Structures are given as C-alpha cells and as structure tokens.
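Notes for the one structure printed next.
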Amino acid sequence: MRYPSFWQRRGPLAWLLRPLSRLVCLEAARRRRRARPVPLVCPLIVVGNITVGGTGKTPIVIALVEALHQAGWQPGVVSRGVGVKVGIEPLDLAEAQGASVCGDEPWLIRQRTGAPVVVHPRRRQAAEQLLARYPEVDVIISDDGLQHHRLARDIEWVVVDGRRGLGNGLCLPAGPLREPVATLVEADAILVNGGPVETLPATAIGATNAYRSDFRLTGVFDLFDGREHPAEYLAGREVLVLAGIGNPDRFFNMLEADGARVEGVPLDDHAAPTAAHAEELLGDGRPVIITEKDAVKWPVAPSGPEQVLVARGGIELPPALIESTLARLATLSARSPS
C-alpha cells in the first residue's frame, strides 16, 4: 500500500476518515485481546510493525539471526512470502529456485544468513514445518506477522521508521497505523530505524525499551563480476538509484548522505523492474544502484562492469537489546519441554 502524504498530518481528509479509523483500531485491539494461540515447543520472536509502509524490518531480522548465531543459538525464520503464491504446503527455501517463487525478503534472508527459512501465509503452519524439518532449531524469528495473532509469540520487536514515525497517530484509512498506538506498550522492544527515539511520543513508549537502529552502508558490489567497492566509491558520482522497497526515500537519502548525486527511481514495495525498464536504465550511461532486495529480482545481466552496483550494508543492533533478548530466551528455553 502506498503511503499518502495526508497520513503525516491531521488534515481535513484524515478527520473525514476518522470514524472508519476508529473501527479499524477497535477491531485490531479486539483481535489482539481475544487471540488464544498455542505456544510452539521453542521460543518465537516476531519482528514487525504497526504502520503501513516499509520500516526496514528485513535488515533487522538479518542482524538478529546473525547475533543469535554468534551467541550459540540455532535460529530459523518464517515469512509470509509477499507477492507469491506458495501453495497448500509451506515452502522450504532450501528447495526454492529463486526469489520469484518465495518472495524477495525471505530469499535475501536465506542468502545472507544461511539459516533455514520456510514461507507460508499461515505462519503457524510454516513454523511447524520448520521445526519438523530442522529439529536443531531452538528459536524461530517471524519476519513480520505482528498482526498474525494465531502465531504464538514470546518476544515482540516493533520497528518504526525514524522519519515518518507513527504518522498522524491514526489507524487506517485516516492514518498509517494497523493497530492503536497503545499496542507499543505491550512490545518487548521498539526499534526506531534511521531516526531518534524521540520520534515516538512518550505515551507510546510507556515502560517499554526503545532503541535507535541505523542501516550503515559498508560498500557496493558489481553485479557484473562481484567486485567489491567501499562506500566512499560513490562519493561525487552521478547515479540512478532504483528501489522497490516500502520507503525508497530512506534509501535515496542514505546514498546522498554518503556523497552520491542521486536520481531516484522508486518502485512499489516488492516490485521488480521489467526487462525493458532495466535496459532503459542501463542505456542512461550512469551507474544504476540497487538494494540487495532488488538485486535478487534484477532481470537483465549487465554486459560490463560498473553498470549495476548493489548497495551492501547492515544494522548493528544495540548491545543492551541483544543482552536482554538473550536473557529472555534463556529463561524461555529453561522452562520449555526438552
């Protein structure tokens, strides 16, 4: 869903839609309150958001998987697989042939972390399949699914875009919220991605820990031959930047902050350029910069170097958040049946 500008303020249109917004908030609160999910045999962490539009969850999921690996855990990931038809049975990405059959984000998570990933719209079913196929998995991460209340969760991380924040604070369709702001008080952690924690109103945080997270560009690699370049390589260069992500402006702004002279080419979230569009971009003569998420769907092989460069980076999670999460997991694991 596109993010209209009126979601950032309480103007006439937002007020006109407010009665519908209240109904959405009430229904979301009712579903959360009445959910009676059956716990899994191992802990589950949901990384999600309460707003429409991209907040940068996937890099955070990747960082969390890597942190758990380093701490000796064996994480697995479940995801919906946006934009693809998985079928009746969950899809194990070890058997998938590419992003086109499983979704760009799950494919990227699998490629970056090596963790087992299973995709299905019913995440409970995906989690059960994951555990059946990979009995060594001792913690599951759900990429999105905060509103998928049939999926039992032990820890909730809510990711908020650091520039948009909570918008005008209203639920759909008057604002960007899928659930009331009060939901944040129930979260174990709030990560404000690319902005200060003060982006959030104090009443939204309550007793919950809030942390800042930032995506750091570490470099780019050439899609033609895999050659790596440092982030400084883009300084002063005129580039076309294509991004099929939920909030492409965040990606454009990051590259501009690193010194690139950017002409942005936004696509809808999860969308891929057609071959004709890709050829048109390549014919411009300027290097085309894309995200790793877009790279798994890029339709045309570059014919030479420095035509298509893939931005690479990651998020370093706050140490205090990792420590508290590991302590909570240890407690959950200790009381789980062996």
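The values are calculated or read from the model by the stated rules, or taken from the named source; none is laboratory data. These numbers come from a predicted model, not from an experiment. So basically every Cβ, Gly included, is an ideal-geometry build from the backbone, and we count neighbours across all protein chains shown.
For the stretch 202-262, the strands (runs of 3 or more DSSP E) that sit wholly inside it and include 1 or more residues that are of a type in the set (Ser, Thr, Tyr) and surrounded by 13 or more Cβ atoms within 10 Å (Cβ to Cβ) are 209-213.
On the stretch given as the stretch 132-162, residues that are within 30 Å of Phe251 (Cβ to Cβ), among the charged types (D, E, K, R) and in a loop (DSSP other than H, G, I, E, B) total 2. Here the condition is being more than 30 Å from Lys85 (Cα to Cα) and not acidic (Asp, Glu); of Ala271, Ala330, Ala301, Ala276, it holds for Ala330 alone.
Residues that are buried (at least 22 other Cβ atoms within 10 Å of the Cβ) and among the aromatic types (Phe, Trp, Tyr) within the stretch 62-83 are absent altogether. If you go through the stretch 2-39 and keep only what is farther than 16 Å from Leu166 by Cα and part of a loop (DSSP other than H, G, I, E, B), you end up with Leu17, Ala35, Arg36, Pro37, Val38, Pro39. The stretch 272-338 holds helices (runs of 4 or more DSSP H) entirely within its bounds, and those carrying 2 or more residues that are closer than 23 Å to Phe221 by Cβ and touching a helix residue (DSSP H, G or I) at 6+ places or on another chain (Cβ under 9 Å) map to 292-295. As a summary of the residue check, Val46 satisfies the conditions (1) assigned to a helix (DSSP H, G or I); (2) aliphatic (A, V, I, L, M); (3) surrounded by 22 or more Cβ atoms within 10 Å (Cβ to Cβ) except for the one numbered (1). Residue pairs whose Cβ atoms lie under 7 Å apart, separated by 6 or more positions or on different chains, with the first residue in the stretch 292-312 and at negative phi and in the same structural domain as Val241 (by TED's automatic domain parsing) and the second in a helix (DSSP H, G or I) and polar (S, T, N, Q), are Lys293/Thr58.
Could you check the stretch 84-107 and list, in sequence order, the residues that are assigned to a loop (DSSP other than H, G, I, E, B) and crowded, with 17+ Cβ neighbours inside 10 Å? Correct list: Val84, Val86, Pro90, Ala96, Gly103.
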